[in-house]
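Peer 1: Structure in structure tokens, see below.
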Amino acid sequence: MEERWSTEHILSLAPDAAAQKAAGKLSSPAPWSQAGCGQGALWGLCQGSGSTPYRTVIELTTPAYQCSCPSRKFPCKHALGLLLLWSGSAEAVPAGREPADWAAKWLTGRQQRAEKTAAPADPLAARRRAERRAAKVASGARELRLRLADRVRQGIAGAGGAAGGGWAEVSARMVDAQAPGLATRAAELDRLPADEQLAGYALLHLLATAYERVDELPEPLAQTVRARIGFSTDSAELLAGPTVRDHWLVLGSRDSADDPLTTRHLWLRGAKTGRSALLLSYGRPGQAPELALPTGWSLEAELAFHPGVQPLRAVLGPRHGPPALDPGAPWAQSIGAALASYGEAVAEDPWTESWPVVLGGVLPSTSPTGWQLTDQQGALPLHAIPDQALWRLTAISGGRPVTVFGDCGHRGFTPVTVWDEQGRATSLTTGGAA
Amino acid sequence: MTTDYWAQLHSTALLGTDRRPLPEPSGPPALVAAAASVDRSDQATALLELAALTAVRRRAGLLPLPAPEPTPAAEPDERPELPAAAARRLAVLLAGRATGATAQANLTELLPQWLAAAREHGYRLPAAQLPALLEAARARSELRGDVVALAGPLGRWLAERNPQWRYVLRTAGAQGPTETDLIWQQGLFAERVTHLTQLRRRDPAAALALLAGTWPSERAEDRLLFLDALQEGLSPADEPFLEAALTDRSRNVRSTAAELLSTLPGSALGARMAERALAAVRLVDGVLLVRAPTACDAAMQRDGIPPKSPTGRGEQAWWLGEMLAATPLSCWTTTFDLTSNQLLALPVAEDREGAEATGADIGIGTGTGTGAGTSAGTGPWREELHEAWARAAVRQGDARWARSLLGPPPRRTGSTPPAGAPAKLLAVLPPAERALWTAAFLRTHGPGDAFQLLGACATPWTPPLSTAVVAALERAATAGSYPWNHSGVLGLTERSLAPATAPAVAALAADAAPDTAWAETFNRLAGTLRFRAAMLAELTEPV
């Protein structure tokens, strides 16, 4: 039998708070009939106010949802309610059933669609497009370098603030030059705090310069530079190459709303290889990002890493079985060791903003400059953590050492998941309480 | 020093390389050597490259800050852990709270019920959920008692660290004397009231002493609310203080003190009122003869009777009512040697002798019904008298009088409603009796008329009362009224109906015409009941 997901995980799949709330109301057996689960799927009929009940199916591995209700939210409250019901009561959603006809139909159709492969593109045309783009990006990088140098010649004082340093315009030009990575970093220059502006200018200059001689760089570094500039790699292409099969522990996830998309970061760590991996998934407005893996669980799967000097970003390939709860806190480092591994990542890839690390035996405490995590040897300031998450972390610790996963960067550490003394994981990035 | 070199680069960049030369590299030899290889033909580009070199070096070489002194951890909590299903339910209830939409009013109401039940079971809550709960109770003070108890030692530990949750420390009860004094001397008004109320609960005399100590220096509106705190645990020991308060500068304080004294059995004020009352009401040949006071003298005013009626009704009737409402009810039963039922059955007439003697115009209030023929039992003043007794019964918490005034549970449709405010009288009765009376009332009246009575009943409603409510709603549905005509009662019902009634409500939903407002209403009600039943069942599950 498949392990049932936690409430926290299910609520984290909801596109918004209203859907969470509505799902809570549908989490009792009352409106449901013919509910069942088996073969990696979950289905049931939900009686709404109309005379025909809604047909709700969930495919658990991806997960994917289908419901006959008219809601444009995705997943809808019925899918979430059914998941909550399933997680709470084994009797209400009996296991080991054959899917109902209508559910089976959708599940099979889905499988077939997945098996269909995309038609191969015209390789010659693709190469011509790539060459044209490379030239555009190169000229964009050159222009950016000139702008940066001009700015430094005149002085960057007063570049930030409400007036802005005019970088929005430069950013737009980088978008035209098809270098989204440069565009994002250029736009950020206006928003950086005063004491970080010079570093922002310098690292952007370094990136533009690196691209101009990208062909001379060693291949992994060239890949890193291209990725930072904004050349994307096709997932299917990556998966066609070598993959890493392992039992991947889900260290945690965090959604960031980059208007209009929601970006979900999912961090994994291989039990056998010890490798860290970062999966990205995007959701359109009103929809949660499609990829959702429960924190503290582990799944056997193949990952294909984006190439580079410090491969971290990966795409999820074939899975071998459903996720299973992985009890206990993961292997962890001291604060000093974690900072050293962040340092190594920066040394390899200077544009590394943060590096995923698991800190062991740490506890949150206050200092005159703000909150920090401390172990017996040292302390690390906490960064970009909302109050609610900060207090949840503090409550779980209760003044005793805990294990914390998060992102280590030059501004401090951003916690994502905490394991309590019993080794139970709690997400610090989802809205609902654990 | 690297930092110095970085600072130099930074200030050069701020002013611009046109105005300021590049600084000479300094710091560790490796950095200096790397800097030497930077092409300096263009100063600005060179600065950016030197800055990149230094920035990466600084980031890659980050070191931990020194570890601070350790602080004490929270006391361990030995209570059993909350069952997993109940923890999930709490998450759902709190997620509902976060959005605070009105459509979810039922979930908002369910949280207090959940908290009270969990507290009764003596569970320890999952640490991760405490911050959201403490936050919820910050905004909703009615949750605080349960939340603070459930939060236990970890809650206190957290409150010591988050000023927003300081209320936990004040609600916790066990405080040192220093902190006690500090709250009373320096606390916010709400904190002081809470403190006084809690102290009153533990040690009434100490609370009185605390209040008396600062009484003259308190503001009038504060004095008024502090007086209210004395209501609980009122005893003859409070009488001297309250008697003194009858001469307070503030009129509201005076009348509140008088009201408190009038609820205190055997008080001197009660005796004075009884004396006045017996001068106004005589029993002659089986008839209660009423002679209303003709003036509100200084003594009456001192005892809390305002000379002017706030509603502008006849002054004599007003004075009489105030006087009788403050008179101990035992005064009537002992003086006339009759039971409350017997007294209520007596005819009431105007005491002509007195009226002629004074020649005063009898103040007849609106709706007293005097002037009409004085058939036995409906004479002038009868309603005034009964209303005043009803007020006295509520004030003195006299269940026997309340029962007499309410009369037996109504049996016939259209039976006359009892005197006074039935909901208030009902509140004086024991819960089971309240429920029975209201159920009977519902059987003879519509749900709309029963709104206030239902509000006076203890929750969750007893099964018979719940059944009566469901039946009344069904009648309302059949009679063609709309659910929104009964939104008040439906709101109470979602909160208070016995979970056992769920099947009956579901049956109603099934019977109602599909896709109608009533079908939706009953469906939602059934859903809420099941939710509540499941919620309470989870809390009793073995861990």
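Peer 1: Could you tell me which of B:381, B:534, B:231 has its Cα farthest along the dipole of chain B towards the positive end, charges placed at Cβ (Lys, Arg +1; Asp, Glu -1), taken about the Cα centre?
Peer 2: The listed residue farthest towards the positive side: B:534.
Peer 1: Sticking with this one: Taking only Cα atoms of the stretch A:123-229, what ratio of Rg to Rh do you get with Rh as the Kirkwood inverse-distance radius?
Peer 2: That ratio equals 1.01.
Peer 1: Now a separate question. Quick check: the angle from helix B:315-325's long axis to the longest principal axis of chain B, C-alpha only, nearest 10 degrees?
Peer 2: Long axis of B:315-325 versus the principal axis of chain B: about 80 degrees.
Peer 1: Would you compute, from DSSP H runs of 4+ residues alone, the mean residue ellipticity of chain A at 222 nm, taking -39500 (n - 2.57) per run and dividing by the full residue count, rounded to the nearest 500? Mind dumping the intermediate values first?
Peer 2: Details: 12 runs with 155 residues, N = 434.
When only DSSP H runs of four or more count, the value is -11500 deg cm²/dmol.
Peer 1: Tell me the net charge near residue A:428. Cut-off is 10 Å between Cβ atoms, residue A:428 excluded, with +1 for each Lys or Arg and -1 for each Asp or Glu.
Peer 2: So the environment of residue A:428 carries a net charge of +2.
Peer 1: As a test of the definition: with a 1.4 Å probe, what buried accessible area, both sides summed, do you compute for B against A, in Å² to the nearest 100?
Peer 2: Chain pair B/A: roughly 5100 Å² of buried accessible area.
Peer 1: Within the accessible area of the protein assembly as shown, what % is carbon and sulfur when the probe is 1.4 Å and the other protein chains stay in place?
Peer 2: On the protein assembly as shown, the fraction of accessible area on carbon and sulfur atoms equals 54 percent.
Peer 1: What span do the alpha-carbon atoms of the stretch B:428-538 cover on each of the three principal axes, reported in whole Å from largest to smallest?
Peer 2: So the three principal-axis extents are 42, 37, 18 Å.
Peer 1: Under the definition of partner shielding as Cβ atoms of other protein chains within 10 Å of a residue Cβ, what is the mean value for peptide B:151-160?
Peer 2: Averaged over the peptide's residues, the number is 2.
Peer 1: Right, another one. For residue B:289, enumerate residues with amide H under 5 Å from its amide H, sequence gap 5+ or separate chain, H modeled in the peptide plane.
Peer 2: Amide H neighbours of residue B:289, under 5 Å, 5+ apart: B:282, B:283, B:284, B:349.
Peer 1: Give me the net charge of residue B:193's neighbourhood, meaning all other residues with Cβ under 10 Å from the Cβ of residue B:193; Lys, Arg count +1, Asp, Glu -1.
Peer 2: Result for the neighbourhood of residue B:193: -2.
Peer 1: Provide the solvent-accessible area of residue B:457, counting protein heavy atoms only and rolling a 1.4 Å probe, rounded to the nearest 10 Å².
Peer 2: Residue B:457 has an accessible surface of roughly 10 Å² with all protein chains in place.
Peer 1: When only the heavy atoms of the protein chains count and the probe is 1.4 Å, how do B:482, A:65 rank by accessible area, highest first?
Peer 2: Order by accessible area, largest first: B:482, A:65.
Peer 1: Same structure again: Mean separation of Cα pairs under 8 Å and 6+ residues apart, divided by the residue count of chain B: what relative contact order is that in percent? Intermediate values should be presented prior to the final figure.
Peer 2: Values: 643 pairs, mean separation 49.1, N = 543.
After rounding, I find 9 percent.
Peer 1: Would you check the accessible area of residue B:386, probe 1.4 Å, heavy atoms only, in square angstrom rounded to 10?
Peer 2: Counting only protein heavy atoms, the figure is 20 Å².
Peer 1: Please give the Cα centre distance for the stretch A:379-434 versus the stretch B:1-77, rounded to the nearest Å.
Peer 2: So the separation of the two Cα centres works out to 30 Å.
Peer 1: How do A:195, B:222 rank by accessible surface area computed with a 1.4 Å probe, from largest to smallest?
Peer 2: So the residues, ranked largest to smallest area, are A:195, B:222.
Peer 1: Using the Karplus curve 6.51 cos²θ - 1.76 cosθ + 1.60 with θ = phi - 60°, what ³J(HN,Hα) values do you get for each residue of the stretch A:274-282, in whole Hz, with x for Gly and Pro?
Peer 2: x, 7, 8, 9, 10, 9, 10, 9, 10
Peer 1: How would A:320, B:10 rank on accessible area, largest to smallest, probe 1.4 Å? If you can, show how the numbers build up before the last one.
Peer 2: Details: A:320 60, B:10 35 Å².
Output order, biggest surface exposure first: A:320, B:10.
Peer 1: Can you tell me the orientation of helix B:43-60 relative to chain B, as the angle in degrees between its alpha-carbon axis and the longest Cα principal axis, to the nearest 10?
Peer 2: 60 degrees
Peer 1: Further, regarding this structure: Amide H neighbours of residue A:424 under 5 Å, at least 5 residues apart or on other chains, H built in the peptide plane: list them.
Peer 2: Long-range HN contacts for residue A:424: none found.
Peer 1: So what are the protein assembly as shown's ellipsoid semi-axes, whole angstrom, largest first, if each one is the square root of 5 times an eigenvalue of the alpha-carbon gyration tensor?
Peer 2: 72, 37, 24
Peer 1: Then there's this: What list of ³J(HN,Hα) couplings, whole Hz, do you get for the stretch B:14-23 from phi and the Karplus terms 6.51, -1.76, 1.60, once you set θ to phi - 60° and write x for glycine and proline?
Peer 2: 4, 7, x, 6, 5, 9, 9, x, 5, x
Peer 1: Work out how much length residue A:353 to residue A:100 would gain on full extension: take 0.36 nm times their residue separation and subtract the Cα-Cα distance, in nm to one decimal.
Peer 2: Working it through step by step, the gained length comes to 86.2 nm.
Peer 1: Would you mind getting the accessible area per residue of the protein assembly as shown, heavy atoms of the protein chains only, 1.4 Å probe, in Å²?
Peer 2: 45 Å²
Peer 1: Per-residue ellipticity at 222 nm for chain B, helices alone: DSSP H runs ≥ 4 residues times -39500 (n - 2.57), over residue total, nearest 500 deg cm²/dmol?
Peer 2: Estimated from H runs of four or more residues: -18500 deg cm²/dmol.
Peer 1: Also, I was wondering about something else. Mean Kyte-Doolittle of at least 0.5 and a Cα length of 18 Å or more along the axis: which whole DSSP H helices of chain A meet both? Each step should come with its number before you reach the end.
Peer 2: Details: long enough: A:101-115 (21 Å, -1.37); A:123-154 (46 Å, -0.87); A:194-212 (28 Å, 0.37); A:335-348 (20 Å, 0.83).
Taking the DSSP H segments of chain A (at least 18 Å long, mean hydropathy at least 0.5), we get A:335-348.
Peer 1: Using the Kirkwood formula over every pair of different C-alpha atoms, what hydrodynamic radius in Å results for chain A?
Peer 2: Numbers: mean 1/r = 0.0418 Å⁻¹.
This gives a value of 23.9 Å.
Peer 1: Still on this structure: Note down the nm distance, to one decimal, between modelled labels 7 Å out along Cα→Cβ at residue A:411 and at residue A:219.
Peer 2: Once both label points are built, they end up 3.6 nm from each other.
Peer 1: A further question on this structure: Extending each Cα 7 Å along its Cβ direction at residue B:67 and residue B:250, get the distance between those two points in nm, one decimal.
Peer 2: 5.6 nm
Peer 1: Also, quick follow-up: Kindly identify residues of the stretch B:4-45 having a loss of at least 50 Å² in accessible area between the isolated chain and the assembly of all protein chains, probe radius 1.4 Å.
Peer 2: Flagged in the stretch B:4-45: B:10, B:13, B:14.
Peer 1: Starting with the highest mean, order A:19-28, B:508-517 by the number of other Cβ atoms within 10 Å, averaged over the residues of each peptide.
Peer 2: Ranking the peptides A:19-28, B:508-517 by packing returns A:19-28, B:508-517.
Peer 1: At 7 Å along Cα-to-Cβ for each site, give me the label-to-label distance between residue A:51 and residue A:142 in nm.
Peer 2: With each label placed 7 Å out from Cα toward Cβ, I get 7.3 nm.
Peer 1: With point charges of +1 on the Cβ of Lys and Arg and -1 on the Cβ of Asp and Glu, referenced to the Cα centre of the protein assembly as shown, which listed residue (A:282, B:121, B:267) lies farthest in the positive direction of the dipole?
Peer 2: Of the listed residues, the answer is A:282.
Peer 1: Mind listing the long-range amide H neighbours of residue A:245? Cut-off is under 5 Å, sequence gap 5 or more, other chains count too, H placed in the peptide plane at 1.01 Å from N.
Peer 2: Close amide H contacts, sequence-distant or interchain: A:303.
Peer 1: With a Förster radius of 30 Å, plug the Cβ-Cβ distance of residue B:449 and residue B:228 into 1/(1 + (r/R0)^6) and report the FRET value to the nearest 0.05.
Peer 2: The computed FRET efficiency comes out at 0.45.
Peer 1: While we're looking at this one, here's another question. Starting at the first residue of the stretch B:301-307, write each ³J(HN,Hα) from the Karplus equation 6.51 cos²θ - 1.76 cosθ + 1.60 with θ = phi - 60°, in whole Hz, x for Gly and Pro.
Peer 2: Rounded to whole hertz, the list is 4, 4, 7, x, 8, x, x.
Peer 1: Using only the alpha-carbon atoms of the stretch A:228-321, report the extent along each of the three principal axes, biggest first, to the nearest angstrom.
Peer 2: So the three principal-axis extents are 37, 31, 21 Å.
Peer 1: In whole angstrom, note down how far apart the Cα centers of the stretch A:214-265 and the stretch B:485-543 are.
Peer 2: 51 Å
Peer 1: Leaving out ligands, DNA and RNA but keeping every protein chain, what accessible area does residue A:216 have, in Å² rounded to the nearest 10, with a 1.4 Å probe?
Peer 2: 140 Å²
Peer 1: Then there is this: Say a paramagnetic label sat at a point 7 Å from the Cα of residue B:161, along Cα to Cβ; which residues of the stretch B:106-147 have their backbone N under 17 Å from it?
Peer 2: B:125-135
The values are calculated or read from the model by the stated rules, or taken from the named source; none is laboratory data. These numbers were taken from a predicted model, which means no experiment stands behind them. Ideal geometry is used to build each Cβ from the backbone, glycine not excepted, and the neighbour counts take in all protein chains shown. Calculation scope for accessible area: heavy atoms of the full protein, side chains included, ligands and nucleic acids excluded. Shrake-Rupley method; radii C 1.70, N 1.55, O 1.52, S 1.80 Å.
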